[in-house]
Every structure is written in C-alpha cells, then in structure tokens.
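Working notes, beginning with the structure itself.
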Amino acid sequence: MLNHELLLISKILETKDFTTVERLKVSDDSFMSPECKAAFKYLKKFYHNSTTFGHLPSPELFQQTFSGFPLYDDVQDSIEV
C-alpha cells in the first residue's frame, strides 16, 4: 500500500505548488511519519526563505538533503485530494 504522506511530498515537488498546500492548511502536524514531517518542514522553510521565496527545490536538490527518501513520479491525485 502506498503511503499518502510520501505521495503528497512527491506531488508538491512535482507541481511546485505550495500555495495550494497553504490554502488547504496542511501543516507539520498533518504528518504522522517523522521522515515526512521533516521533509515537509524543509519544503516549507525553503518556500518561505528570503533567498528562495516562492520557490521549491528540485527533486534532485531535495534528495541531496533527504537521500533515500522515496519520490514517486507522475502522482495522479491532486494536492487537494
């Protein structure tokens, strides 16, 4: 069975859409897995950082920080699901 938290992180990186995530009020507390919670905090910090504001890392850059974190290609569900 696929982990929905992993799918959400993958979808955020694929779409580069953090605006929808914030609009839906997804927060650190939305994640049960410590690995996914840490990944989400990283994306949120990156998105709000003064030097990278409004942007998200590439999957390659993300995996430099979170090596071994499984990313899924072409996640069919939207962020809003």
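The values are calculated or read from the model by the stated rules, or taken from the named source; none is laboratory data. Worth saying up front: this structure is predicted, and the values here are computed from it rather than measured. What goes into the accessible areas is simple: the full protein's heavy atoms, side chains included, and nothing from ligands, DNA or RNA. Shrake-Rupley method; radii C 1.70, N 1.55, O 1.52, S 1.80 Å.
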Please give the calculated 222 nm ellipticity per residue for the chain, where each DSSP H segment of at least 4 residues contributes -39500 (n - 2.57) and the sum is spread over every residue; nearest 500 deg cm²/dmol? -14000 deg cm²/dmol
A chain fully extended from Ser27 to Gln76 at 0.36 nm per residue, minus the present Cα-Cα distance, gains in nm 15.5 nm
Counting only heavy atoms of the protein chains, get the accessible area per residue of the chain (1.4 Å probe) and round it to a whole Å² value. 64
